[in-house]
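Below you'll find the structure, written out as structure tokens, and then a few comments.
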Amino acid sequence: QVQLVESGGGLVQPGGSLTLSCAHSGSIFDMYQMAWYRQGPGKQRELVAIAYGGGRKEYVDSVKGRFTISRDNHLKTVTLQMSSLKPGATAVQYCCRELSGVDYWGQGAQVAVSS
């Protein structure tokens, strides 16, 4: 059974920065895509960024230039550096593993953007 454990959530002021980390417990990591999704209050879960095993990265348009996803295949971790956070960005951020669909989700990390 694979576990994904997120850390780094918290309260940040608008315009501030926050970094989330996700640790993957399984032995095989680099063949999977690792992604971050977010779910705001009353909203559907949406993809934020995805990092492929070969190094390619993709972002939703609304975070391009502000968020950076990175992965360490040796440590089996994936991080999401978020900057210039907007007031409406309060959400639970989820780490997940994908191959031909998501097979594991983390428990979620709360990110609150408020002054």
Of all the accessible heavy-atom surface of the chain, with the other protein chains kept in place and a 1.4 Å probe, what percent is carbon and sulfur?
49
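DSSP loop trypsin sites (Lys or Arg not before Pro) in segment 1-51 with at most 12 other Cβ atoms within 10 Å of their Cβ, which ones?
Lys43
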Neighbourhood net charge (15 Å Cβ-Cβ; Lys/Arg +1, Asp/Glu -1) for Gly106:
+2
Per-residue accessible area, 1.4 Å probe, largest first, puts Val48, Val92 in the order Val92, Val48
What whole-number value in Å² describes the accessible area per residue of the chain for a 1.4 Å probe?
52
Might you list the cysteines of the chain that have no disulfide-compatible partner by the rule of another cysteine's Cβ under 4.7 Å?
Cys96
Order the peptides 107-113, 60-66 from the highest to the lowest mean number of other Cβ atoms within 10 Å of their residues.
107-113, 60-66
Segment 1-68 shape via C-alpha gyration tensor axes, a/c threshold 1.5
prolate
For the chain, share of DSSP beta bridges that run antiparallel, in % to the nearest 5
90
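The values are calculated or read from the model by the stated rules, or taken from the named source; none is laboratory data. Bear in mind that the values here come from a model prediction, so they are computed numbers and not experimental data. A quick note on method: Cβ atoms are made from the backbone with ideal geometry, for glycine too, and the neighbour counts reach across all protein chains shown. Note: accessible area is taken over every heavy atom of the protein model, side chains too, but ligands, DNA and RNA are not part of it. Shrake-Rupley method; radii C 1.70, N 1.55, O 1.52, S 1.80 Å.
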